[in-house]
Amino acid sequence: MTSESQKNQILSFRGLTLLALICIVIAYVSPIWWVSLKAPQYPDVAFPQGIRIHFHVDGVFNGCKKIEVAEKQEDEALNCKHEMDAINHFVGMYPIAAGGPVERTLSPFLFTLLGLMLVSFMITNSRLRMSVMVAGSAVIIAWMSYALYMPGGVKLLSPNYIADFTGTMDLDPVDYEEWSGIETIEESYTEALGRYFRDRVEIARRVDLMLTATHVAYGLIIAGLIAILLALWRIKPAYWLLALIPAALPVFFVIEYAAWLWWFGHSLHDMAAFSVKPFMPTVLGQGKVAQFSTFSYPHYGFGLMMASSAALLLAMLIRLKQMRESEM
C-alpha cells in the first residue's frame, strides 16, 4: 500500500471521528427528546404544540413558545414544565425534576470522557494515545471530585443543570454558591419530591438512595477509567472501545430515558387526587393517559447522536482497513 493511500485513510478516519466529536458536543447543549400532552382543555388554537417539554442530558426545560392569536395573548411563554408537573401530580406522579438527578449531575464528566476517548482514538501512536488518556483521566477525576465534594463545587457543574434546578427552586446565586454537587442533589431532590407530596420518611429514603447512587456512580466512573487505561495498556483490541463506547451513546440515552419513564409510571403516590393503575408512559410515539394524548419523539439532539454514531462506525471501518493494509 502506498504512503499516500495510508495518509488519506488516516485523514479520513480522523475527519469522521472529529465530526462525531463535534456532533456529541452540540448534542450536549441541545434538546434530545420532546414530550407533549394534549387534552380538550388545551385547544390547538391556543396550544398548537400542547403542553410540551424538552429533555436535555443535563436538565428538562420548557418547550412551549409564546403564542399570539386572537383567542390568546401572552406576555411570555407558558411554563409548560410547571404546567405538566401540575397535571401529573393529580394522578400521583412525582415532579419532572425527580427524574435522573445523578445522570444530570454527572453528565459533564461523562461527556468529557467520551470526548477524551474520541480524541485518543484519533491518535495512531500508542504511547502518545496512552499519555493523553492518562492526563485526561486525571483531569476528569480531579474536576469531578472537586465539583461533587468541595464547597462551591456546584460552580463546576453544567450551566444548563444549574439553570434548571435554580429556576425550579427559585434560587438566587447567593443561596447555592457554597453548595457542593452532593449538596445540590440533596437539596434539589428533596425539594422536587416534596413539592406536592408530604411523606417525609419516604422522601428522606429516596433522597438517601440517590445520594448513595451518586457515590456509587462516582466510584464506578473512576473504576471505569482505570479499567480502560489498563485495557489499553495490556490488551491491543481494547483500542476499539475508544470509539465503540461513544458510538453507543444513543442506545444508552434511550435505555436511561425508558427506565425513568417506567419509574414515573410505577411510582404513583397514594395521595393522588385521581387513582390510576401503574403504567408505562410512551417512550416513542403517541399514547393515551386518561383524557390526555401523549406524544414522545426524538429532537434534533438525538439526531446528532445518531449522526455521531454513523460517523464513528464508518471511521472504525476505515481505520480497520488502514491498519490491516499497513501490516501487509
* In nm, give the distance between the simple-model label positions of ALA204 and ILE26, each being 7 Å from the Cα along the Cα-to-Cβ direction. => 4.9
* Structure fact -> Stretched fully, the stretch from TYR146 through LEU229 gains (0.36 nm per residue minus C-alpha distance, one decimal, in nm) 27.7 nm
* So, how do all the Cα-to-Cα distances of region 95-234 break down into 5 Å bins, in percent, from 0 on up? -> 2, 9, 19, 19, 16, 12, 9, 6, 4, 2, 1, 0
* To do: Please list the equivalent ellipsoid semi-axes of the chain, computed as the square roots of five times the alpha-carbon gyration tensor eigenvalues, in descending order and whole angstrom.
  => 40, 25, 17
* Asked: Any idea how far the Cα center of region 271-316 sits from the one of region 2-37, in Å?
  -> 24
* To do: Please report the relative contact order for the chain, taking Cα pairs under 8 Å with a sequence separation of at least 6, and give it as a percent rounded to a whole number.
  => 30
* Structure fact -> Expressed in nanometres to one decimal, the distance between label points 7 Å along Cα→Cβ at PHE279 and PHE90 is 1.3
* Unpartnered cysteines - no second Cys beta carbon under 4.7 Å - across the chain -> CYS23
* Theoretical gain in end-to-end length, VAL45 to VAL134 [0.36 nm per residue, Cα-Cα removed] -> 26.4 nm
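Readers should treat all values here as calculations from the given coordinates under stated rules, not as data from a laboratory. Remember, it's a predicted structure, so these values are computed and weren't measured experimentally. Backbone-built Cβ (ideal geometry, glycine too); neighbour counts: all protein chains shown.
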